[in-house]
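The values are calculated or read from the model by the stated rules, or taken from the named source; none is laboratory data. All figures in this text were calculated on a predicted structure; none of them were measured in a lab. Cβ atoms come from the backbone with ideal geometry, glycine included; neighbour counts cover every protein chain shown.
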Amino acid sequence: MTQLSELFIKTKSENRAALIGYMPAGFPTKEECIMAIKAMVAGGVDAVEIGYPYSDPVMDGPVIQAASELALSNGTGANDVFDILEATVAMGVPAVVMTYWNPIERYGVEAFANEIVKRGGSGVITPDLTIEESAGWKSACAAADINRIYVVAPSSSEERLPKVATECSGFVYAASLMGVTGTRNSVSGNAKSLVERVKKTTDTPVSVGLGVSTRDQAHEVAGYADGVIVGSAFIRQLQESSSMGEGLERVEKLARELSAGVRR
């Protein structure tokens, strides 16, 4: 059992949702990325998604795209992603890598899975990998004993939803809307119904991403989901700050607010 799976057992026993924070590897720099993750954890984030910067992201909105472009311009690569993964796990929280399929294939499917477990990671989220194309990845994850996390969306049909959900471990990533990542004034009304649909097909925890940025939104989603994923809102704290010190303070403050939201 991975640290991520153990986390959801813990949060369920506490009758609350897990708060999952996202940060692109190498943003603003490798060292500052680790500092930002430390601030997230200090503020109460339960688990961390580390984004693998990619030049052609299909799911990322403008905030994450800009952060990823900066990370790529810094020369961020696979070894940096794994280093940040290892540093995050050392903070005492479960961590996963979120990456498009191309970097995994380029690195080597089995080698990528093995490096995840070597660095203490719990698993990988693959937003653009379909279950039909997952035979090699499924075998590699099983051999490494790491979580394999796919994304479902409101458009997932009644026939397809259980097929994808039952292939997930750790949690099922439920995209709250049809669109890209980013902060929004309200959480999509499709999120609750999607989670309910997923829960009819699997006992695996369901975490909602896309659009959560405030304490009230986190509280709302925590009312029906097992995990609340926040990414763009954390990144914006760094992008809109005049200094790294100010940014870290804002990241930790937001984490505390969101953490209170999933607990109250």
* So how many residues does segment 143-177 have that are assigned to a strand (DSSP E or B) and either touching a His at 6+ places or on another chain (Cβ under 9 Å) or closer than 18 Å to Thr2 by Cα (or both)? -> 5
* What are the pairs, 6+ residues apart or on separate chains, where a residue within segment 79-96 that is among the charged types (D, E, K, R) has its Cβ under 8 Å from a residue that is assigned to a helix (DSSP H, G or I)? -> Asp80/Lys30; Asp83/Lys30
* To do: Would you check if there is a residue in segment 19-39 being small (Gly, Ala, Ser) and surrounded by fewer than 19 Cβ atoms within 10 Å (Cβ to Cβ)?
  => no
* Residues of segment 111-136 satisfying the condition of being farther than 19 Å from Phe171 by Cβ and surrounded by 16 or more Cβ atoms within 10 Å (Cβ to Cβ) -> Phe112, Glu115, Arg119
* Structure fact -> Taking segment 93-142 and keeping only residues that are part of a helix (DSSP H, G or I), within 23 Å of Ser68 (Cα to Cα) and touching an Asp or Glu at 6+ places or on another chain (Cβ under 7 Å), one is left with Trp101
* Confirm whether Ser68 is hydroxyl-bearing (Ser, Thr, Tyr) and in a helix (DSSP H, G or I). => yes
* May I ask you to say which residue of Ala175, Ala140, Ala218 is modelled with pLDDT under 95 and crowded, with 21+ Cβ neighbours inside 10 Å? => Ala175
* Asked: In segment 187-214, which residue that is part of a strand (DSSP E or B) and at pLDDT 95 or above is surrounded by the most Cβ atoms within 10 Å (Cβ to Cβ)?
  -> Val208
* Tell me, yes or no, whether segment 60-78 has at least one residue that is buried (at least 18 other Cβ atoms within 10 Å of the Cβ) and modelled with pLDDT of 95 or more. => yes
* Since Glu49 meets every condition but one in (1) surrounded by fewer than 17 Cβ atoms within 10 Å (Cβ to Cβ); (2) among the acidic types (Asp, Glu); (3) under 24 Å from Arg215 (Cα atoms), which condition does it not meet? -> (1)
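Residues are listed down the side, and each one gets a yes or a no for (1) among the hydrophobic types (A, V, I, L, M, F, W, C); (2) over 18 Å from Ala144 (Cα atoms); (3) over 18 Å from the mean Cα position of the chain (by Cα):
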| residue | (1), (2), (3) |
| --- | --- |
| Asp80 | no, yes, no |
| Glu86 | no, no, no |
| Val89 | yes, no, no |
| Gly92 | no, yes, no |
| Thr99 | no, no, no |
| Gly108 | no, no, yes |
| Ala113 | yes, no, no |
* Give just the number: which of (1) modelled with pLDDT under 95; (2) touching a Pro at 6+ places or on another chain (Cβ under 6 Å); (3) within 17 Å of Ala18 (Cα to Cα) does Arg263 not satisfy? => (2)
